[in-house]
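First up is the structure itself, then whatever we jot down about it.
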Amino acid sequence: MRRRTAMTVTLLAVAALAAGCEIKVNPGSVSAPFSVAPIPSASAGQPMYVCTAVYKILTDGAVQAAAYATGSDAAAKDGLRKTFTEMAGQVTAAGAKSDDPAQKTAVDQVAAALTTAGQAEDPQAFLNGEFSTIGQKIDGTCQ
């Protein structure tokens, strides 16, 4: 009986002390749980490498595009156009490294869509529409 009482009192004391504690961590000091960095260059022609490189370009581009996503003025549209155009060039370069013809074709489709968005009158429409699923065009080639 004494053991149960002692254990209960100990657990309650720990719970009471922990309830008043608060740990603050700066989000910038915590590293990301994984990296989307491409695998070493010795595997550059491999489909998985190319997919990882393209996904990274799309992810980084999405972060850049987010800065212009809420704007509707000419500067926001120009920023989106520039972002999509730069992404198209990077995606084309990544796809050129592929040894798989089907993958090159799929990556070229992604680059073409980004190029079109980079020249569009309303690049926001692409951002709110096709951009969210554009990476799926290469999914079947990432063996």
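The values are calculated or read from the model by the stated rules, or taken from the named source; none is laboratory data. Predicted, not measured: the structure shown is a model, and the values here were computed from it. A quick note on method: Cβ atoms are made from the backbone with ideal geometry, for glycine too, and the neighbour counts reach across all protein chains shown. Calculation scope for accessible area: heavy atoms of the full protein, side chains included, ligands and nucleic acids excluded. Shrake-Rupley method; radii C 1.70, N 1.55, O 1.52, S 1.80 Å.
For region 85-108, the set of residues classified as of a type in the set (Ser, Thr, Tyr) and within 21 Å of GLN119 (Cβ to Cβ) consists of THR85, THR92, listed by residue number. Within the set THR105, THR59, the sole residue that is within 18 Å of the chain's Cα centre (by Cα) and at pLDDT 90 or above turns out to be THR59.
Looking at region 70-88 only, could you name the residues that are among the small types (Gly, Ala, Ser) and surrounded by 15 or more Cβ atoms within 10 Å (Cβ to Cβ)? Listed by number, the residues that qualify are ALA76, GLY79, ALA88. Taking first residues from region 70-85 that are touching a residue at least 40 places away in the same chain (Cβ under 8 Å) and over 19 Å from ALA111 (Cβ atoms) and partners that are of a type in the set (Ser, Thr, Tyr) and assigned to a loop (DSSP other than H, G, I, E, B), the Cβ contacts under 8 Å between residues at least 6 apart in sequence or on separate chains come to ALA76/TYR68; ALA76/THR70; LYS77/TYR68.
Checking GLN64 against (1) open to solvent by less than 30 Å² (accessible area, probe 1.4 Å); (2) free of Cβ contacts under 8 Å to residues at least 24 places away in the same chain: exactly one of these is not met. Which one? Single failed check for GLN64: (1).
Among the residues making up region 106-125, those that are under 15 Å from GLY79 (Cα atoms) and open to solvent by 20 Å² or more (accessible area, probe 1.4 Å) are THR115, THR116, GLN119, ALA120, GLU121, ASP122, GLN124, ALA125.
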